[in-house]
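The values are calculated or read from the model by the stated rules, or taken from the named source; none is laboratory data. Values in this document were obtained by computation on a predicted structure and should not be read as measured data. Because the Cβ atoms are built from the backbone with ideal geometry, glycine has one as well, and the counts that use them run over all protein chains shown. Remember, those area values only see protein heavy atoms, side chains included, never the ligands or the DNA or RNA. Shrake-Rupley method; radii C 1.70, N 1.55, O 1.52, S 1.80 Å.
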Amino acid sequence: QVQLVESGGGLVQPGGSLRLSCAVSGIIFRFYATGWYRQAPGKQRELVATITSGGITKYADFAKGRFTISRDNAKNLVYLQMNSLKPEDTAVYYCNALGGSHDYWGQGTQVTVSS
């Protein structure tokens, strides 16, 4: 059974930081690219960042310079370090694993940026 379990979300003040984690099981991790997406209320889900098993990264424009995606291939973990958070970063953040025709999602973790 494939599982992607996110953690690390919560309430943070503007300008603060959070580190999201995603624990992946049930797949051969090194065969999958992984990523983070987010969905704000009333909006479509959007890409935040992706990383291949070889470490090649891609970021949405809003994430460049503030967010950093990384992964630990030995522990089947994916991280998203988020700095300088803004109220508009408020959303549910989802972990994704993509390999060939296989596309898996976690249940999401809420990030709320508010004073």
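Structure notes:
- Taking the DSSP bridge list for the chain and keeping only pairs wholly inside it, about 95 percent are antiparallel.
- Rounded if a/c under 1.5, otherwise prolate or oblate - the stretch 1-57, Cα gyration tensor axes: prolate
- Among ASN76, ASN96, GLY106 - extreme Cα towards positive end, dipole of the chain, charges at beta-carbon: ASN76
- Taking 0.36 nm per residue of separation and subtracting the Cα-Cα distance, full extension of the segment from ASP103 to ARG45 would add 19.4 nm.
- Point-charge dipole on Cβ atoms (K/R +1, D/E -1) for the chain, about Cα centre, debye to 20: 160 debye
- Alpha-carbon centroid distance for the pair the stretch 51-98 / the stretch 21-48, whole angstrom: 9 Å
- Accessible surface, the chain, averaged per residue in Å² (probe 1.4 Å): 53 Å²
- Most tightly packed first, judged by the mean number of other beta-carbon atoms within 10 Å of their residues, the peptides 79-86, 29-36 read 29-36, 79-86.
- Percent accessible area from carbon and sulfur atoms, the chain, protein chains only, probe 1.4 Å: 49 percent
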